[in-house]
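Working notes for the structure below.
The values are calculated or read from the model by the stated rules, or taken from the named source; none is laboratory data. Predicted model, so just to flag it, every value in this text is computed and none were measured. As a convention, Cβ positions derive from the backbone with ideal geometry for all residues, glycine included, and neighbour counts pool all protein chains shown. Keep in mind that these areas ignore ligands, DNA and RNA; they rest on the heavy atoms of the full protein, side chains included. Shrake-Rupley method; radii C 1.70, N 1.55, O 1.52, S 1.80 Å.
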Amino acid sequence: MSILNLMLVIIILLLAVYCVRLKLRQQNHDTNKTTHSGLGLLASNHDIMECIRQTVNNFKEFLEARQVELYIKCTPESMMGWIDTDNLDKMIVLLLSDMSRKASPGNKISVDVNTNKHFDRVIIHIDDNSAAVLRTSLVLVQQLVYLHHGSVRSEHYSEQGNKVIIELPIKKDVLQSEQIVSQEADSTTPFHIPSNIELNVPTIELPAGYDTGEQSREALVQQAYNSPDQKFLQRAIQCINDHIDDSDYDRDAFAADMGASASTLYNKLRAITGMNVTAFIREIRIKTACRMAKENPELRVSDIAYRVGFKDPKYFATTFKKVMNAQPKEYFEKLRSD
């Protein structure tokens, strides 16, 4: 090959690399402009460690039944930052769902969360020791991470398993104005039950066609996360949320709101969460009480009891002790001090 031809090939290669980089930049730019009209970012100030811990703990019972160990460690235990909790929840659920399906008895999955030395970024390490290579979830998680102006990298070691590292900025100044939920807007609904309330939620099903280019990444993420079981649980939680202070809201009223018979509702909830209808309602009431106590330190135990649908504060204390293994007053004091 002559020197002239060699130079021409090099120039073509350089132009190709430049075009690829330019395209990637444009994709990232378009991604960052996405708002809540589609797969968007809407961040507010949250305890990020607690959000991650709740989502991960949803998988514990499911994995223990399959004899797979799940560990989580957050350093520090608590860290406030600006994050879209819905998208953060999706990232964790997508990865753990993928790892869970590929895990065999005796495998381990660990989630290690920490911050950088400036406390302006959170780093999430998710590892397993499965022989299978992650592919499905990474394609979808990458899109969600880019929305947060973050980065994700992954490796698979044949004898050690998968390692995924997600790094996300958590300071308000990295977000665009349309991506921020103001604290004033948040305060208008102080007693709303979060969508990631701790329940025994099953893994989600990743859709077919994720690697064929037949659907956009945004559509795939939404399709994957919005599985029938997830939609059912979200609707069930919303029904109870709408009647959270109604002490007469029982199994029959719940079934009627869900458009199902009492037996169908029982079987469905039992299959998804492992709980019967009464226990499901009680669990949400108690978890909501904890949220209220943390967000509203001035509320007394009796005030919270009435607000989550208990006629008798003493019965509330007995029920709380049964669910949380602690008296509400002691638990709330610790929750508020933490």
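Can you give the FRET efficiency to the nearest 0.05 for Val133 and Glu295, using r as the Cβ-Cβ distance and R₀ = 56 Å?
It comes out at approximately 0.85.
In nm, what is the difference between 0.36 nm times the number of residues separating Gln160 and Asn325 and their Cα-Cα distance?
Gain on extension, Gln160 to Asn325, equals 55.7 nm.
Can you give me the solvent accessible area of Arg282 with a 1.4 Å probe, rounded to the nearest 10 Å²?
The accessible area comes out at roughly 80 Å².
Heavy atoms only, probe 1.4 Å: what % of the accessible area of region 47-105 goes to carbon and sulfur, would you let me know?
Carbon-and-sulfur percentage of accessible area, whole number: 52.
Counting only heavy atoms of protein chains, what accessible area per residue, in Å², does region 222-338 have with a probe of 1.4 Å?
Counting only protein heavy atoms, the per-residue value for region 222-338 is 53 Å².
With all protein chains present, how much of the accessible area of region 221-338 (probe radius 1.4 Å) comes from carbon and sulfur, to the nearest whole percent?
The value for region 221-338 is 46 percent carbon and sulfur by accessible area.
Could you tell me how many cubic angstrom of Cα convex hull volume region 251-338 has per residue?
It is 103 Å³ per residue.
Set the Förster radius R0 to 22 Å, insert the Cβ-Cβ distance between Thr264 and Tyr315 as r into 1/(1 + (r/R0)^6), and round the FRET efficiency to 0.05.
0.15
For Tyr306 paired with Ser337, estimate the spin-label separation in nm (one decimal), with each label point 7 Å from Cα along the Cα-to-Cβ line.
2.8 nm
List the residues, sorted by chain then number, that are 5 or more residues from Ile109 or on another chain and whose placed amide H is less than 5 Å from its amide H.
HN-HN under 5 Å from Ile109: Glu69, Leu70, Tyr71.
In nm, to one decimal, how far is the modelled label at Gln67 from the one at Ser247, with both set 7 Å along Cα→Cβ?
Result: 4.8 nm between the two label points.
What is the mean projected area of the alpha carbon convex hull for region 35-137, to one decimal in square nanometres?
In nm², the orientation-averaged hull projection of region 35-137 is 7.1.
Where does each of Tyr146, Tyr249 land when they are ordered by accessible area, with a 1.4 Å probe and the largest first?
Tyr146, Tyr249
Give the distance, in whole Å, between the Cα centre of region 85-123 and the Cα centre of region 152-167.
Cα centres, region 85-123 to region 152-167: 11 Å.
Got a sec? What order do Thr136, Thr264 fall in by accessible area at 1.4 Å, biggest, i.e. largest, first?
Ranking Thr136, Thr264 by accessible area, largest first, yields Thr264, Thr136.
Of Asp120, Asp248, which has the most accessible area with a 1.4 Å probe, and how do the rest follow in descending order?
From most exposed to least exposed: Asp248, Asp120.
If I stretch the segment between Ala271 and Lys60 completely, what's the gain in nm (0.36 nm per residue apart, minus their alpha carbon distance), one decimal?
Difference between extended and current length: 74.4 nm.
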